[in-house]
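Read the structure below first, then the notes.
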Amino acid sequence: MDSEVRTDRPDVNLGNGNDFIANAWTAQGNFFIQRSFIHFDLTSISVNSTVQSAILDLYTNLNTGHYQLDSGPNTGWFMRILENWYENQITWNHQPAVSQTDFIVIPQSVSHTQTYHLDLTAHVQDMVKHPENNFGWMMRLETEDTYRCLAFASSDNPV
């Protein structure tokens, strides 16, 4: 499951959007921030398993209208979520808590349509071994300042 939240729509759920996005932008001149959340059901994997590799591929959503590198550095963070959340209930005003340590850095883009391959192996191993701690990740920009963006396709994207 995945969802996004926005500061300019603090009580609106965006669980069915086409974007998986970390964004700091403006709409009609008003600044807003977007963050995204993702969770994978790992319960079919035995707690005694050794995870050899867990790579998440993030592909640019070419139909979003948001583009990487339009302004300042767009380095992002993939942060572990610490509590349960639901795709069609999460909002900016009702975000789950996230870990402030042990996050995965998403390097600054080198192109407007960059694809990323994030190594989540250590996190996934811990989530498999301790399924009670598997709440997924939040993606956000390191610096949430105007015209910075990481825009990928969500699981709801038809393309």
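The values are calculated or read from the model by the stated rules, or taken from the named source; none is laboratory data. Please read all numbers here as calculations on a predicted model, not as lab measurements. Glycine also receives a Cβ, built like all others from the backbone with ideal geometry; neighbour counts cover every protein chain displayed. For accessibility, only protein heavy atoms count, side chains too; no ligands or nucleic acids. Shrake-Rupley method; radii C 1.70, N 1.55, O 1.52, S 1.80 Å.
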Problem set entry | Accessible surface, 1.4 Å probe, highest first, among residues T43, T7 | T43, T7
For this session: Return the long-range amide H neighbours of F20 (sequence gap of 5 or more, or a different chain), with a cut-off of under 5 Å between placed amide H atoms.
Result: F152, A153, S154
For this session: Using a 1.4 Å probe and counting only protein heavy atoms, arrange I55, I106 so the residue with the most accessible area comes first.
Result: I55, I106
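Roughly speaking, to the nearest percent, how much of the range 19-159's 1.4 Å accessible area is carbon and sulfur? Provide the component values of the computation, followed by the final result.
On the way: 3510 of 7180 Å².
Accessible surface attributable to carbon and sulfur in the range 19-159 totals 49 percent.
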Exercise. For S155, what accessible area in Å² do you get when you roll a 1.4 Å probe over the heavy atoms of the protein chains, rounding to the nearest 10?
Worked result: 90
Problem set entry | Overall Cα dimensions of the chain, principal axis frame, Å, largest first | 52, 34, 32
Exercise. With charges only on Cβ, +1 for K and R and -1 for D and E, what is the dipole size of the chain about its Cα centre, in debye, rounded to 20?
Worked result: 120
Problem set entry | For I106, distant residues with modelled amide H under 5 Å away | G76, W77, F78
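In whole percent, what relative contact order does the range 1-94 give with Cα contacts below 8 Å and a gap of six or more residues? Please report the intermediate quantities before stating the final value.
Details: 105 pairs, mean separation 40.5, N = 94.
43 percent.
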For this session: Mind checking the per residue accessible area of the chain for me, 1.4 Å probe, whole number of Å²?
Result: 51
Exercise. Rounded to the nearest 10 Å², what accessible area does T101 show when all protein chains are kept and the probe is 1.4 Å?
Worked result: 90
